[in-house]
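Visitor: Below is a structure I'd like to ask you about.
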């Protein structure tokens, strides 16, 4: 269990986070979602003991943070949004060094993950792309089979294939009973794997959803150019200028919407995923 109670952190007069509370049970994945600068990383750094809180409580298991962080380090896995290593060190040397910190380091598990992620053990870190460095970060975060896994924007720099592999790895950790915090600014990925989702805005947790509830917010933004004589009021219009319309349509209704719009004359149509702010506009006003 990870439990956060009334967490507050200011940087001088600037608010980092204020009055944040949530709880993640064993075997749950909690999605902390919000735009860049909302307070996700500040929250995570306080949970990990990297930053001192101004007030509030952080419990990991039955241990209090930051007081008991040294007792928990071997039980926590952490993947930051950006990973950095010694440029001249080879990956295999880094892994040899890394395993000294854990009593139950499983060499066979390391081999399995290395092959699954396609990690070249002989390369120096200076020779690796951002995505390949991130692969090593993923391995480092889970190699010791942690009880608590904290992932800060983990898909940054990953191609779609590797993102899918990461989701599969996280789901295996969930099945093992690991308590997971997964921060992101991308709604579709938290919807894919998270059991609970908290929306954070300007350092405040403004709303929590279950996986089922957040699915009802899944939608597409559909722009229709030069739509002639449009008279149907059934669909939500986000913007209309001259004969250019922007609709916000739930995924479950897209087929019906396209059948309807096809009855009208128009020049072009574009369908895209909404930004986080567009999806939760009522909370961002």
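The values are calculated or read from the model by the stated rules, or taken from the named source; none is laboratory data. Small disclaimer: the values here were computed from a predicted structure and weren't measured. Methodologically, a virtual Cβ is constructed for each residue, glycine included, from the backbone with ideal geometry; neighbour enumeration extends over all protein chains shown.
Visitor: Can you say whether residue 177 is at pLDDT 90 or above, exposed (fewer than 14 other Cβ atoms within 10 Å of the Cβ), outside the structural domain of residue 275 (by TED's automatic domain parsing) and within 24 Å of residue 212 (Cβ to Cβ), as far as the supplied structure shows?
Guide: Numbers: at pLDDT 90 or above: yes; exposed (fewer than 14 other Cβ atoms within 10 Å of the Cβ): yes; outside the structural domain of residue 275 (by TED's automatic domain parsing): yes; within 24 Å of residue 212 (Cβ to Cβ): yes.
Yes.
Visitor: Another question, if that's okay. Any residue at all in the range 233-253 that is assigned to a helix (DSSP H, G or I) and modelled with pLDDT of 90 or more?
Guide: Among the residues of the range 233-253, at least one is assigned to a helix (DSSP H, G or I) and modelled with pLDDT of 90 or more, which makes the answer yes.
Visitor: Let me ask you something else. Condition check: exposed (fewer than 15 other Cβ atoms within 10 Å of the Cβ), farther than 21 Å from residue 169 by Cα, touching a residue at least 12 places away in the same chain (Cβ under 8 Å) and within 26 Å of the chain's Cα centre (by Cα). Does residue 88 satisfy that?
Guide: Taking the combined requirement at face value, the residue does not satisfy it.
Here is a yes/no grid of residues against (1) closer than 24 Å to residue 160 by Cα; (2) assigned by TED's automatic domain parsing to the domain that holds residue 26:
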site	(1), (2)
190	yes, yes
195	yes, yes
203	no, yes
209	no, yes
230	no, no
243	no, no
271	yes, no
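Visitor: Within the range 194-213, restricting attention to residues that are free of Cβ contacts under 8 Å to residues at least 60 places away in the same chain and outside any strand (DSSP E or B), which residue is surrounded by the most Cβ atoms within 10 Å (Cβ to Cβ)?
Guide: First, pick out the residues of the range 194-213 that are free of Cβ contacts under 8 Å to residues at least 60 places away in the same chain: 209-213.
From the residues that got through so far, the ones that are outside any strand (DSSP E or B) too are 211-213.
On the way: 211: 16, 212: 8, 213: 12.
Only one residue tops the list, namely 211.
Visitor: Another one. Do we have any residue at all in the range 116-134 that's within 21 Å of residue 174 (Cβ to Cβ), surrounded by fewer than 15 Cβ atoms within 10 Å (Cβ to Cβ) and assigned by TED's automatic domain parsing to the domain that holds residue 183?
Guide: yes
Visitor: Looking at the range 254-273 only, could you name the residues that are in a loop (DSSP other than H, G, I, E, B) and out of contact with any helix residue (DSSP H, G or I) (no Cβ under 8 Å at 6 or more places or on another chain)?
Guide: 262, 263, 264, 265, 266, 267
Visitor: Tell me which residues, restricted to the range 74-84, are surrounded by 15 or more Cβ atoms within 10 Å (Cβ to Cβ) and either out of contact with any strand residue (DSSP E or B) (no Cβ under 9 Å at 6 or more places or on another chain) or not assigned by TED's automatic domain parsing to the domain that holds residue 127 (or both).
Guide: 83
Visitor: Residues in the range 59-69: is at least one under 23 Å from residue 37 (Cβ atoms), touching a helix residue (DSSP H, G or I) at 6+ places or on another chain (Cβ under 8 Å) and either at pLDDT 95 or above or loosely packed, with under 14 Cβ neighbours inside 10 Å (or both)?
Guide: No: zero hits.
Visitor: Quickly run through the range 218-232 and pick out the residues that are part of a loop (DSSP other than H, G, I, E, B) and either surrounded by 13 or more Cβ atoms within 10 Å (Cβ to Cβ) or in contact with a helix residue (DSSP H, G or I) (Cβ under 8 Å, 6 or more places away or on another chain) (or both). Lay out the reasoning, then the answer.
Guide: Let us first name the residues in the range 218-232 that are part of a loop (DSSP other than H, G, I, E, B), namely 218, 226-232.
Passing the criteria: 218, 227, 230, 232.
Visitor: Please state which one of 186, 150 is modelled with pLDDT of 90 or more, in the same structural domain as residue 71 (by TED's automatic domain parsing) and under 25 Å from residue 129 (Cβ atoms).
Guide: 150
Visitor: Testing residue 3 on (1) within 23 Å of residue 172 (Cα to Cα); (2) in contact with a helix residue (DSSP H, G or I) (Cβ under 9 Å, 6 or more places away or on another chain); (3) not in a loop (DSSP other than H, G, I, E, B), one condition comes back false. Which one is that?
Guide: Going through the list (1) within 23 Å of residue 172 (Cα to Cα); (2) in contact with a helix residue (DSSP H, G or I) (Cβ under 9 Å, 6 or more places away or on another chain); (3) not in a loop (DSSP other than H, G, I, E, B), residue 3 breaks only (2).
Visitor: So, one more: For the range 257-282, give me each residue that is surrounded by fewer than 15 Cβ atoms within 10 Å (Cβ to Cβ), under 27 Å from residue 209 (Cα atoms) and out of contact with any strand residue (DSSP E or B) (no Cβ under 7 Å at 6 or more places or on another chain).
Guide: Hits for the range 257-282 are 277, 281, 282.
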